[in-house]
Amino acid sequence: MVDVVTEIMINRPISQVSEYASNPDHAPEWYVNIHSAEWRSPKPLAVGSQIAFKAKFIGRELAYVYEIVEFVPGKKLVMKTAQGPFTMETIYTWQVINDNQTRMTLRNKGNPTGFSKIISPFMSTMMKKANMKDLKKIKEILER
């Protein structure tokens, strides 16, 4: 089991942070490893929405579909792989620090299989490093 939690403070109101982060169209802008996001269901984002992502991680091309299983705008977004190389759940949460500061938490947990299972002892460290890069990138974008 892989369970990685990272967080960052972003100097923007919670509405701006959560609206940007929860829009799959923005994922390739702030996720270092994600190259594309394609809606498989009609917009806007809601429980049951499906989005296909293409990414590169640990030198491997990945294609997977996330399904939104929980969405509370401005508070929490939970997505689980509906299709992909291994089961993964990604959770975003946002917390108000003050009117112009938000704590964003990014959590990934799942059960690696196949090649991923072989390298799972290293996967948590690699995911934490990648997730921190992603959070630093979203912070940079939103604070411009």
Completion exercise
Those residues of the stretch 44-91 which are part of a loop (DSSP other than H, G, I, E, B) and not aliphatic (A, V, I, L, M) amount to Pro44, Gly48, Ser49, Gly59, Pro73, Gly74, Lys75, Gly84, Pro85, Phe86
Exercise for the section: Run Glu7 past the list (1) surrounded by 18 or more Cβ atoms within 10 Å (Cβ to Cβ); (2) within 30 Å of Asn100 (Cβ to Cβ) and report the number of the one that doesn't hold. Expected result: (1)
Handout entry: Residue in the stretch 31-53 that is more than 17 Å from Gly110 (Cβ to Cβ), surrounded by 14 or more Cβ atoms within 10 Å (Cβ to Cβ), in contact (Cβ under 8 Å) with a residue 60 or more places away in the chain and under 12 Å from the mean Cα position of the chain (by Cα) present
Key = yes
Practice task
State which residue is surrounded by the most Cβ atoms within 10 Å (Cβ to Cβ) when the search covers only the stretch 85-109 and only residues that are of a type in the set (Val, Ile, Thr) and either closer than 27 Å to Arg60 by Cβ or in contact with a helix residue (DSSP H, G or I) (Cβ under 6 Å, 6 or more places away or on another chain) (or both).
Solution key: Thr102
Handout entry: Conditions (1) part of a helix (DSSP H, G or I); (2) at pLDDT 85 or above; (3) among the aliphatic types (A, V, I, L, M); (4) surrounded by 15 or more Cβ atoms within 10 Å (Cβ to Cβ): number failed by Met126
Key = (4)
Exercise for the section: Working only within the stretch 8-43, note down all residues that are touching a helix residue (DSSP H, G or I) at 6+ places or on another chain (Cβ under 7 Å), among the polar types (S, T, N, Q) and outside any loop (DSSP other than H, G, I, E, B). Expected result: Gln16, Ser36
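The values are calculated or read from the model by the stated rules, or taken from the named source; none is laboratory data. Quick caveat, the model's predicted, so the values are computed rather than measured. Counting neighbours? That spans all protein chains shown, and the Cβs are built from the backbone with ideal geometry, glycine included.
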